[in-house]
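The values are calculated or read from the model by the stated rules, or taken from the named source; none is laboratory data. Please read all numbers here as calculations on a predicted model, not as lab measurements. Cβ placement follows ideal geometry from the backbone for every residue including glycine, while neighbour counts extend to all protein chains displayed. To get the accessible areas, we keep the full protein, side chains included, count just its heavy atoms, and leave off ligands, DNA and RNA. Shrake-Rupley method; radii C 1.70, N 1.55, O 1.52, S 1.80 Å.
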Amino acid sequence: MTDNALNTSRSQEIFGAAQEIMPGGVSSPVRAFKSVGGQPIVFDRVKGAYAWDVDGNRYIDYVGSWGPAICGHTHPEVIAALHETLEKGTSFGAPCELENTLAQMVIEAVPSIEMVRFVNSGTEACMAVLRLMRAFTGREKVIKFEGCYHGHADMFLVKAGSGVATLGLPDSPGVPRSTTANTLTAPYNDLEAVKELFAENPDAISGVILEPVVGNAGFITPEPGFLEGLRELTKENGALLVFDEVMTGFRISYGGAQERFGVTPDLTTMGKVIGGGLPVGAYGGKAEIMEMVAPAGPMYQAGTLSGNPLAMTAGIKTLELLKQDGAYERLEATTKRLLDGLLECAKDAGIPITGSSIGGMFGFYLCEGPVTNFEQAKSTDTEFFGKLHNKMLEKGVYLAPSAFEAGFTSLAHSDADIDATLQAFSECFYEIK
Ligand SMILES: *Cc1c(COP(=O)(O)O)cnc(C)c1O
């Protein structure tokens, strides 16, 4: 890197070594800076709204570990609770009361959830929920939407978002055609397309799964009537409606998108925030459906480390913090301030932009917009975004290294952090254009 205000020599050294021993040098593809150019920053530690890299540079962090850090990184109460639990053990492989506590909190928070099963990641939750959809309905097909990401299981790697979209990858090799033959896709916000799929596949569709607000193709909100329409269509056709709230759960409101939009699905998947920074996923829904899961019922799904005490503790503490009065109002105000300011900075500089925010989640596209589906999202100026990303880093702001990922704020982001970020955006827009 020439002409760089930032010294990132340690990062470069470590990442160079990583590339020799791990594919692409990372444990998950979006962490690599492939679509924005430059080399990833290697983190040393995180606290509140900030991340420090191994060269000692500090960044205002809008990735927040891709969502979990909603109370701010290493919140003292979460860390204290973890210390206490740590003394008792890291994994039991037997029932533990902390599971009851978190399960009860999730059931109270999320309208659709009467029973819940804990797993270790969002991918696992989505894999299991699809099996459950099929087991409950006795049907094999599933409808998903272009640009939505439901983890990396075979049957969901069709027109997927997240790293698949970022890297412009075709549907992945290694996924047998027979596995995805039952995965039908429709454009997001297109009820007519869903109607047609139901008409073309009578009594064969187990359900519809979607991100109720899309965060893996940038940031796309459901148009008025879309979620309601899906609720009706699935009901009419004897199919299940599944909200993948791995990203939106506890992020756009305490009860997730289903609370925010007042549409209750049959099943819900969760992840990210629910683990407070430790690996947790969950799926839940109506008791009559969840009773199908082993050992209550015949649908098999298991996990050696599932529901482990450390992960449960981080989740419980995080949800307790989020439950406090005014948490979501503050989060929403912070995010809106950032987004409104960002749109203004771009407009002042004459840069085409469209964007929005809900709760602690935001996104923008460098095009005129509006963007209501993945096809339209692709008209964002990815080259400009790459330059913007690099320049923002130099100015101490860490954005997701992809034009197709949502941004995340936290309760630790102060007005001063937002002001500093907007100042950086403003400078960058003028420097790049
Ligand atoms: C992150 C994400 C997943 C996958 O979760 P992992 O914990 O990364 O496996 C699934 N669905 C959505 C909507 C996500 O944002």
Problem set entry | Count - residues of segment 388-416 that are open to solvent by 10 Å² or more (accessible area, probe 1.4 Å) and farther than 19 Å from TRP66 by Cβ | 8
Exercise. Among the candidates GLY281, GLY276, which residue alone is within 16 Å of the ligand (Cβ to nearest atom) and either over 20 Å from ALA406 (Cβ atoms) or open to solvent by less than 10 Å² (accessible area, probe 1.4 Å) (or both)?
Worked result: GLY281
Exercise. Would it be correct to say that PHE92 is open to solvent by 50 Å² or more (accessible area, probe 1.4 Å) and either more than 16 Å from the ligand (Cβ to nearest atom) or outside any loop (DSSP other than H, G, I, E, B) (or both)?
Worked result: yes
Seminar exercise, completed: Checked ALA165, ALA125 against criteria (modelled with pLDDT under 95, touching a Phe, Trp or Tyr at 6+ places or on another chain (Cβ under 8 Å) and within 30 Å of TYR50 (Cβ to Cβ)); the one match is ALA165
For this session: Evaluate the following for GLY307: is it small (Gly, Ala, Ser), within 18 Å of the chain's Cα centre (by Cα) and surrounded by 21 or more Cβ atoms within 10 Å (Cβ to Cβ)?
Result: no
For this session: Answer yes if at least one residue in segment 6-16 is within 16 Å of the ligand (Cβ to nearest atom) and part of a loop (DSSP other than H, G, I, E, B), and no otherwise.
Result: no
Exercise. Got a number for residues in segment 62-81 being closer than 17 Å to ARG45 by Cα, in contact (Cβ under 8 Å) with a residue 24 or more places away in the chain, more than 16 Å from the ligand (Cβ to nearest atom) and of a type outside the set (Val, Ile, Thr)?
Worked result: 4
Problem set entry | Tally, over segment 234-286, of residues that are closer than 20 Å to LEU130 by Cβ and not in a loop (DSSP other than H, G, I, E, B) | 22
Exercise. Could we say that LYS144 is in contact with an Asp or Glu (Cβ under 7 Å, 6 or more places away or on another chain) and either small (Gly, Ala, Ser) or within 16 Å of the ligand (Cβ to nearest atom) (or both) here?
Worked result: no
Exercise. Within segment 168-179, can you find the residues that are on the phi > 0 side of the Ramachandran plot and modelled with pLDDT under 85?
Worked result: GLY168
Seminar exercise, completed: Filtering segment 34-55 down to residues that are in contact with a helix residue (DSSP H, G or I) (Cβ under 8 Å, 6 or more places away or on another chain) and open to solvent by less than 20 Å² (accessible area, probe 1.4 Å) yields VAL36, PRO40, ILE41, ALA49, ASP53
Problem set entry | Every residue from segment 105-133 that is more than 16 Å from the ligand (Cβ to nearest atom), open to solvent by less than 40 Å² (accessible area, probe 1.4 Å) and part of a loop (DSSP other than H, G, I, E, B) | ILE113
Exercise. What do you reckon, is ALA186 surrounded by 15 or more Cβ atoms within 10 Å (Cβ to Cβ) and away from the ligand (no atom under 16 Å from the Cβ)?
Worked result: yes
Exercise. Can you name the number of the only condition in (1) open to solvent by 20 Å² or more (accessible area, probe 1.4 Å); (2) aliphatic (A, V, I, L, M); (3) touching a Gly at 6+ places or on another chain (Cβ under 6 Å) that ALA18 fails?
Worked result: (1)
For this session: State yes or no: is GLY369 at positive phi, touching a Cys at 6+ places or on another chain (Cβ under 9 Å) and buried (at least 17 other Cβ atoms within 10 Å of the Cβ)?
Result: no
Exercise. Can you tell which of GLU291, GLU332 is surrounded by fewer than 19 Cβ atoms within 10 Å (Cβ to Cβ), touching a residue at least 12 places away in the same chain (Cβ under 8 Å) and over 30 Å from ILE418 (Cα atoms)?
Worked result: GLU291
Problem set entry | In segment 180-200, residue nearest to the chain's Cα centre (by Cα) [restricted to those that are modelled with pLDDT of 90 or more and hydroxyl-bearing (Ser, Thr, Tyr)] | TYR188
Seminar exercise, completed: Apart from one, (1) surrounded by 18 or more Cβ atoms within 10 Å (Cβ to Cβ); (2) free of Cβ contacts under 8 Å to residues at least 40 places away in the same chain all hold for GLU427; the odd one out is (1)
Exercise. Is one or more of the residues making up segment 316-323 over 19 Å from PRO76 (Cβ atoms) and of a type in the set (A, V, I, L, M, F, W, C)?
Worked result: no
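Table: residues versus (1) within 21 Å of the chain's Cα centre (by Cα); (2) within 14 Å of the ligand (Cβ to nearest atom); (3) surrounded by fewer than 21 Cβ atoms within 10 Å (Cβ to Cβ).
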{"position": "LEU210", "(1), (2), (3)": "yes, yes, no"}
{"position": "LYS235", "(1), (2), (3)": "no, no, yes"}
{"position": "ALA239", "(1), (2), (3)": "no, no, no"}
{"position": "MET247", "(1), (2), (3)": "yes, yes, no"}
{"position": "PHE250", "(1), (2), (3)": "yes, yes, no"}
{"position": "GLU259", "(1), (2), (3)": "yes, no, yes"}
